[in-house]
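In what follows, a single structure is set out as structure tokens and then discussed.
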Amino acid sequence: MVNMENNFHMTEGDGEHSYAKNCRRQEMIMLEGRPIVENAIKELYKALGPKTMTIADLGCSSGPNTLLFISNLLDTMSDQCKASECVELQIFLNDLPGYAPISYYISGVPKSYYSRLFPRQSVHLFHSSGCLHWRSQVPDELYARGFLNEDNIYITNTTTPLVVKYYKEQFDKDFSLFLRLRHQELVSRGKIVLIFCGKKDENVYNGDLNKLFGLLSRSLQSLVSKGLVEKQKLESFNLPLYGPSIAEVKTIVMQIQLFRIVHVKLFESNWDPWDDTEGDDIHNNALSGSNVSKMVRAVMEPLIASHFGETILDALFTEYACLVSMHLEKEKTKFAMIAMSLEKI
Ligand SMILES: C[S@@+](CC[C@H](N)C(=O)[O-])C[C@H]1O[C@@H](n2cnc3c(N)ncnc32)[C@H](O)[C@@H]1O
């Protein structure tokens, strides 16, 4: 079974398959959120005028994007300093304990953000980019009576509505817990800027994550048919993931009544991390398939290796690159990203 705290982290080091070398899409996504962070900082300055501003990046990973967040922050702060009195900055970097973001952390908080991380009323701004679609765990119910999701690893066309319901409940539980915890840790009128994968509309079967991981399910199924993976091994594997719609996210924020929504929007970002074109044409679907496969491998490799063993990785991601490239030939697919800014009431 998948254990987030022990088995989930991005591929380490700086080799060919590392997250550090394959995080361009996440970089683009973080840059899209930059103006929202800048606004949040300006508003915090104006409203609270803190002498020390405490900022935490949740799910910082380790690699160039960790540094990018900090350098963007320093740019924003120095602009702000020119405009008003200088403040001191305290930055915390958080990720799961499997990580040790040693070389550049300012203060590291290696703990799940689904638990308390900071003292009461001590943080001005939380930022998290590319993380909150990950759940704290696979819903327990998926394993309670056999393997309910059969040979799917996320919600795909053959997933039953009951399994969808369990995934959605896990999202509701995790997201409201996350917000309650951060509410305790934020100073009054403190802010949260979140950017994460979602879905464009309410169709739970038709989000782009369903497609991305439906293709990974099919790649694993193909290894089963070749005798490289046991069927039961596949059936006992599900991803701790859920891409919500804006309406689902808003519902939770409204229900808990602890935050005001300052800003929320949906933007799209091509699957292929090296494709910056707008529009719906794919210029080289074989290359795009390979690029997407590398990006997904950098995120998923440790999780997949801990369940299936390292020996399947090359065969799995070669098959996956092929299936993604065939999919992209028919339909250029983009991540539906949710960006939101919240203020503590
Ligand atoms: C795709 S990476 C994004 C990293 C970085 N923010 C970026 O934009 O490149 C997602 C990160 O979220 C972290 N993560 C997932 N669940 C977490 C949790 N419960 N607590 C802390 N970090 C978590 C993962 O370990 C991973 O480093």
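So the values come out like this:
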{"read-out": "Which numbered condition PHE171 fails, given (1) in a loop (DSSP other than H, G, I, E, B); (2) within 16 Å of the ligand (Cβ to nearest atom)", "value": "(1)"}
{"read-out": "Residues satisfying the stated conditions in the range 198-212, i.e. more than 18 Å from HIS327 (Cα to Cα), over 14 Å from the mean Cα position of the chain (by Cα) and charged (D, E, K, R)", "value": "LYS200, ASP201, GLU202"}
{"read-out": "Condition met for ASN65 (of a type outside the set (A, V, I, L, M, F, W, C), closer than 22 Å to ALA336 by Cα and either in contact with a helix residue (DSSP H, G or I) (Cβ under 6 Å, 6 or more places away or on another chain) or at pLDDT below 90 (or both))", "value": "yes"}
{"read-out": "Cβ pairs under 7 Å, 6+ apart, first in the range 54-74 and over 17 Å from LEU194 (Cα atoms), second not charged (D, E, K, R)", "value": "SER62/TYR99; SER62/PRO101; GLY63/TYR19; GLY63/ALA20; GLY63/CYS23; PRO64/ALA20; PRO64/CYS23; LEU67/TYR104"}
{"read-out": "Residue in the range 236-248 that is modelled with pLDDT of 95 or more, farther than 16 Å from MET337 by Cβ and not in a loop (DSSP other than H, G, I, E, B) present", "value": "no"}
{"read-out": "Qualifying positions in the range 272-297 - among the acidic types (Asp, Glu) and over 17 Å from ALA20 (Cα atoms)", "value": "ASP275, ASP276, GLU278, ASP280, ASP281"}
{"read-out": "Residues satisfying the stated conditions in the range 57-75, i.e. away from the ligand (no atom under 12 Å from the Cβ) and polar (S, T, N, Q)", "value": "SER71"}
{"read-out": "Meets criteria (in contact with a helix residue (DSSP H, G or I) (Cβ under 6 Å, 6 or more places away or on another chain) and either away from the ligand (no atom under 13 Å from the Cβ) or part of a helix (DSSP H, G or I) (or both)) for PHE178", "value": "no"}
{"read-out": "Sole residue being buried (at least 20 other Cβ atoms within 10 Å of the Cβ) and at pLDDT below 85, chosen from MET10, MET30, MET4", "value": "MET10"}
{"read-out": "Residue list for the range 323-342, restricted to those being within 17 Å of the chain's Cα centre (by Cα) and of a type outside the set (Ser, Thr, Tyr)", "value": "LYS334, PHE335, ALA336, MET337, ILE338, ALA339, MET340"}
{"read-out": "Selection count where residues are surrounded by fewer than 19 Cβ atoms within 10 Å (Cβ to Cβ) and under 23 Å from the mean Cα position of the chain (by Cα), scope the range 308-322", "value": "1"}
{"read-out": "Long-range neighbours under 7 Å by Cβ, at least six apart or interchain, first residue among the aromatic types (Phe, Trp, Tyr) and assigned to a helix (DSSP H, G or I) within the range 121-143, second more than 16 Å from the ligand (Cβ to nearest atom) and at pLDDT below 95", "value": "TYR143/MET1"}
{"read-out": "Per-region count, the range 91-110, residues more than 7 Å from the ligand (Cβ to nearest atom) and at pLDDT 85 or above", "value": "3"}
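The rows are residues; the columns are (1) away from the ligand (no atom under 13 Å from the Cβ); (2) farther than 19 Å from SER293 by Cα; (3) in a loop (DSSP other than H, G, I, E, B).
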{"residue": "THR11", "(1), (2), (3)": "no, no, yes"}
{"residue": "ALA20", "(1), (2), (3)": "no, no, yes"}
{"residue": "VAL37", "(1), (2), (3)": "no, yes, no"}
{"residue": "MET77", "(1), (2), (3)": "yes, yes, no"}
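The values are calculated or read from the model by the stated rules, or taken from the named source; none is laboratory data. All values derive from a computational prediction rather than experimental measurement. Heads up, the Cβs are rebuilt from the backbone with ideal geometry, glycines too, and the neighbour counts pull from every protein chain shown.
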